[in-house]
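Presented below is the structure to which this report refers.
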Amino acid sequence: EITLKNTLGQITNSKSFALSKDFKLIFVSFNDYVMGFDLKTGQEILKFKDQSIKITYLLTLSNTLVIGYDNGSLYILDISNLKNIIISKEKRTFIHQKGISCINHNNNETRLIIGSVDKLISVIDIVSNLIVYKLSGHKEKVNNAKFYDDNEQFIFSISDDFSFKIWDTNIQKCIYTYSDTANKLTSFININSTILFGTFSKEINIYYFNPDSYLN
């Protein structure tokens, strides 16, 4: 067990943490900067700050740390060589008008999917750092958005507007909405064709998604 005591800020939620893909490093955000630690020794190996804006989300890829900010910007940090971190404005992209609330990636780490307080979902090409398209339809903050594991044609999302949506990326439109205003959805997990919803009323709802029925 290791306690990292030389941190300087308050850790508020799980979005402040990100483990490296090899589970050897942990990255933690404190307001407007990120610190990285070696999980085996507890040694600090990174302290990074790009702008004086609150960090709202961290995500790790194989050699990359993706940082989302409260002003809607995104910074893609190369962590392959932690001893030679270079801050470059070219790695910063303004994606949304308001804060970034969630970040996920597809299976081969070529695209990011980003949700925001501005109610929109963006899909980003990681190589070019450009927006591929945006999805609109939610009426409140997007709390989670991710590609369907078995078929990246579909995106799942959940929002403060009490709804869960399924999007077809080929036509870039919502094809299904589930909403329960009496039982707010707080989170979801996609396991193959099964979707488990966490709810504000402390229940877990289970639904099944069959993409073949839609495609046919």
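The values are calculated or read from the model by the stated rules, or taken from the named source; none is laboratory data. Fair warning: this is a prediction, and the values are worked out from it, not measured in the lab. All Cβ positions, even for glycine, are placed from backbone atoms using ideal geometry, and neighbour counts span all protein chains on display. For the accessible areas, the whole protein counts, side chains as well, though only heavy atoms, and no ligand, DNA or RNA atoms are used. Shrake-Rupley method; radii C 1.70, N 1.55, O 1.52, S 1.80 Å.
Just a few scattered comments:
- A straight chain from residue 196 to residue 213 at 0.36 nm per residue would run longer than the Cα-Cα distance by 4.1 nm.
- Entry note, the chain: the mean residue ellipticity at 222 nm calculated from DSSP H runs of n ≥ 4, each adding -39500 (n - 2.57), is -500 deg cm²/dmol after division by the residues and rounding to the nearest 500.
- Only aspartates and glutamates eight or more places from residue 98 in sequence, or on another chain, were considered; those with a Cα closer than 19 Å are 32, 50, 70, 118, 140, 160, 161.
- Around the amide H of residue 25, modelled in the peptide plane, lie the amide H atoms of 20, 39, all under 5 Å away and 5 or more residues distant in sequence or on another chain.
- Residue 189 contributes an accessible area of around 100 Å² to the protein surface, as traced by a 1.4 Å probe with all chains present.
- Once the Cα-Cα distance is subtracted from the 0.36 nm per residue extended length, the residue 93 to residue 53 segment shows a gain of 13.0 nm.
- Here the Karplus relation 6.51 cos²θ - 1.76 cosθ + 1.60, evaluated at θ = phi - 60°, turns the backbone of region 105-112 into coupling constants of 9, 7, 5, 9, 6, 9, 9, 10 Hz, with x for every Gly and Pro.
- Region 74-171: trypsin sites (Lys or Arg not before Pro) falling in loop per DSSP and having at most 13 other Cβ within 10 Å: 83, 139
- Within region 81-107, backbone nitrogen closer than 11 Å to the virtual label 7 Å beyond the Cα of residue 45 toward Cβ: 81-83
- The alpha carbon gyration tensor of region 133-197 gives principal lengths a ≥ b ≥ c with a/c of 1.5 or higher and a/b no greater than b/c, which makes the shape oblate.
- Gaussian network model of the chain, Cα within-10 Å springs - most flexible of 18, 145, 182: 182
- Inter-centroid distance (Cα atoms) of region 139-161 relative to region 89-130, Å: 13 Å
- Per-pair calculated FRET efficiency, R0 = 30 Å: residue 204 and residue 153 via Cβ, rounded to 0.05: 0.65
- Accessible carbon and sulfur surface of the chain relative to its total accessible area, %, 1.4 Å: 48 percent
- Distance between modelled label sites at residue 125 and residue 106, nm, 7 Å Cα→Cβ extension: 1.1 nm
- Long-range HN-HN contacts of residue 56 with modeled amide H, under 5 Å: 68, 69, 70
- Projected over all directions and averaged, the alpha-carbon convex hull of region 86-192 occupies 7.3 nm².
- Accessible area of region 69-216 divided out per residue, in Å², using a probe of 1.4 angstrom: 53 Å²
- Across region 179-195, rounded Karplus estimates of 3J(HN,Hα) from the backbone phi angles (6.51 cos²θ - 1.76 cosθ + 1.60, θ = phi - 60°) give 9, 9, 5, 8, 8, 4, 7, 10, 6, 8, 10, 9, 10, 6, 9, 9, 10 Hz, Gly and Pro being marked x.
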